[in-house]
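Note sheet for the following structure.
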Amino acid sequence: MRFNLSSGSFKKYLQGNGESTKKQVSIPTPTSIEELLDVLNERAVTGNEAKELVRQFLIEISLISFPDSGAKDQSVKQDELLEAFYRCLDRNLKVGVSHNIFRSILQPVDATNETEAFLNDLYTTASIKSVSMPIALAHSATPKRLENLSSVLPWFISRKLDGVRCLVVVSVNFNDSQPQVTRLDTLSRSGQSIQSLLTFRQELAADLNAYPRLGALCKNSRKTDQAQFVIDGELCALQMSDDSREPTYVENFAHTLSVVRRQQDAKSKVVLFPFDFIPIDEFVRWKTHLESGNAIPLRERLSTLRDLVDWCLTHRVQTRLRDLEQIRVNQVPNLDQLLTEAVQRHWEGLVIRADVAYEGKRTTNMLKLRQTQDAEYLVLDAVVGKMRLPVDGVFQERLALSQHRGVRVSAGSGFSVAQRLEYGAHPERIKGKAVTVAYYQETETKDASSLRFPVVKGVYDSAKRTL
């Protein structure tokens, strides 16, 4: 397929040379990029008429904007989307390939040595880079998924926490048959080291070394004089709720995020709500264990975890571990009633897990149920608007614009005063970044879907969430 028009000649056309920008087009402006490229390929229009058609299309979709006077001081808005369009026009498409993909091609990991590769990566770089991070993630609950899950009873239902995922990899050595924690790593959901948790790691290692059944924790992961296991949980900073009817602690997501993003040890008393315990080989090579039929079911993993957490809460007054109640149900409960109760208790929602083996992927055996949803989006732009802040007078509000299923949506709520000041002065610091947006529901129209009541919960350091 050829489009008979280069980005270079089109850019010259946009500069307003001569009267060409006033040329009329004999066909209607296409409504999609596919339709536009088909028109160019079929040579339905050529020359300056083709350039004018492309120009009108880009104006329609707001990728460029300038007056129609043909003046040479036209203001052309160029961003990543416009550059992507130019690459399509030039048939110069580039594929992003990460270093992990190159490593897997040049140095493929033997399936039998995946655990060794994982640990070697961890001990060398304190993060996971050369192998994929086998993390279990939940799907949103839908009637169909709940119906399918009803055939996999019992379930374990727990509170859905509004924190940051944290996987604790514990390394144990056996000296004279006595177990001793020699290393403890805290990883994000993407395998990055959470460097701000030095004190947290030291305190948790002390808890584990004091635990009288540490050796029993290692029974399914011990090899000669070493063992490793993973404690999977949610890291949370807690604050007292403002509901006088039922004083309780609730999660502060923004504060948790600020803690884990620091490069130095954070003194804030974040706590960990563990919800799974997995031997290292079963964590890394979960597919092999699942296929073999010898994987540990959830009920046994929770039993091991519960004994550890209960002991720490009883004997270690300063422990950072917190109990996350797991309610076992043997028949499908009234989920609407449970969710209503969860909302009344200021919970974000519920998590439903089937009593199955560990799956290091997004799985329908784990569902999240809540009244509000959240998702990650890429900030495309910042829109200026005036608002009064509790600082010096009038300021500019920044709305983080994202795309939901290809449609632009804006979220102006959720920013702190400090964030509004920072992004107002430096909008480039938020453009191109990933954000977590909470919303009540999707709104559907005839042609598109958008978000209702979007609120920005967190801003990340790159175009992809790593925490």
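One table, with the values for the structure above:
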item	result
Tally, over the range 362-400, of residues that are in a strand (DSSP E or B), charged (D, E, K, R) and at pLDDT 60 or above	5
Test result for Asp307, touching a helix residue (DSSP H, G or I) at 6+ places or on another chain (Cβ under 9 Å), among the acidic types (Asp, Glu) and outside any helix (DSSP H, G or I)	no
Lone unmet requirement of (1) modelled with pLDDT of 65 or more; (2) within 30 Å of Arg285 (Cα to Cα); (3) of a type in the set (Ser, Thr, Tyr) for Ser104	(1)
Among (1) at pLDDT 75 or above; (2) basic (Lys, Arg); (3) closer than 30 Å to Ile64 by Cβ; (4) assigned to a strand (DSSP E or B), the one test that Lys457 misses	(3)
Those strands (runs of 3 or more DSSP E) lying entirely in the range 149-259 with at least 3 residues at pLDDT 85 or above and of a type outside the set (Gly, Ala, Ser)	155-160, 164-175, 178-187, 226-236
Which numbered condition Leu161 misses (of (1) loosely packed, with under 15 Cβ neighbours inside 10 Å; (2) in contact with a Leu (Cβ under 8 Å, 6 or more places away or on another chain))	(1)
Residue in the range 38-48 that is at pLDDT below 75, surrounded by fewer than 17 Cβ atoms within 10 Å (Cβ to Cβ) and assigned to a loop (DSSP other than H, G, I, E, B) present	no
Every residue from the range 327-347 that is surrounded by 15 or more Cβ atoms within 10 Å (Cβ to Cβ), outside any helix (DSSP H, G or I) and touching a Lys or Arg at 6+ places or on another chain (Cβ under 8 Å)	Trp347
Residue among Thr314, Thr288, Thr319 that is in a helix (DSSP H, G or I), β-branched (Val, Ile, Thr), surrounded by 15 or more Cβ atoms within 10 Å (Cβ to Cβ) and out of contact with any Leu (no Cβ under 6 Å at 6 or more places or on another chain)	Thr288
Unique match (being of a type in the set (Gly, Ala, Ser) and within 21 Å of Ile352 (Cβ to Cβ)) among Gly191, Gly163	Gly163
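The values are calculated or read from the model by the stated rules, or taken from the named source; none is laboratory data. Nothing here was measured: the structure is a model prediction, and the numbers come from that model. Every residue, glycine as well, gets a Cβ built from its backbone with ideal geometry; the counts of neighbours run over all protein chains shown.
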